[in-house]
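Values quoted throughout were computed directly from the atomic coordinates according to the rules given, and no laboratory measurement underlies them. Treat the numbers as computed from the prediction; the structure is a model and nothing was measured. Neighbour counts are summed over all protein chains in view; Cβ atoms, including those assigned to glycine, are modelled from backbone coordinates with ideal geometry.
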Amino acid sequence: MKRLTLLLIISIFFSCKKTEDTTVQKVETNKTEFDWLVGNWIRKNDQDGKQTFERWEKKSNTEFIGIGYTLLEKDTVWKENVRLSKTDTLWEFAVTGKEDTQPTVFKLSKVDERSFVFENNLNEFPKRIEYTNKGNAFSAVVSGDGMTIPFEFEKEN
């Protein structure tokens, strides 16, 4: 009888043991260093008569899609598509212009909570693209071979 009682206690103990709940899914954070980029932006230091815009949306934690374009009155005089994406551990900034068939790819060289830099030293111009978060505004600087072009954007409401 003692053996039976002991066996019963042991079986109850093991049957009550906690197991991993397989119905609970692990939640991945949706935050990245680039989330602040999402939204509609208008350039504030444009040439007279021109209006430049950037629009960014987040497709996933590893992909953002952007479009930049400039209007002269009602005509689009410049346009580019941008894909900011991560493959394995490497972030890329791929730019396809209006007349381009293949994107120009820049590799991430620096990132923190306020800014990021992508570079492609083989590209004619620019060789470097830098974005800096300023809250409801951001600056973008394209540069290379001694030439620098600053862009100042504000978030549209």
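Inside segment 75-101, can you point out the residues that are closer than 23 Å to residue 115 by Cα, touching a strand residue (DSSP E or B) at 6+ places or on another chain (Cβ under 6 Å) and not acidic (Asp, Glu)? Once the filter is applied, which keeps residues that are closer than 23 Å to residue 115 by Cα, touching a strand residue (DSSP E or B) at 6+ places or on another chain (Cβ under 6 Å) and not acidic (Asp, Glu), segment 75-101 yields 81, 82, 83, 84, 85, 91, 93, 94, 95, 96. Among the residues of segment 41-52, just one is without any contact (Cβ under 8 Å) to a residue 24 or more places away in the chain and in a strand (DSSP E or B), namely 51.
Go through segment 130-156 and report how many residues are over 22 Å from residue 50 (Cα atoms) and not in a loop (DSSP other than H, G, I, E, B). Let's see the steps before the verdict.
Quick first cut of segment 130-156, residues over 22 Å from residue 50 (Cα atoms) only: 130, 132-135, 144-146.
Right, trim to not in a loop (DSSP other than H, G, I, E, B) and you get 130, 132-133, 144.
Going through segment 130-156 one residue at a time, the tally reaches 4.
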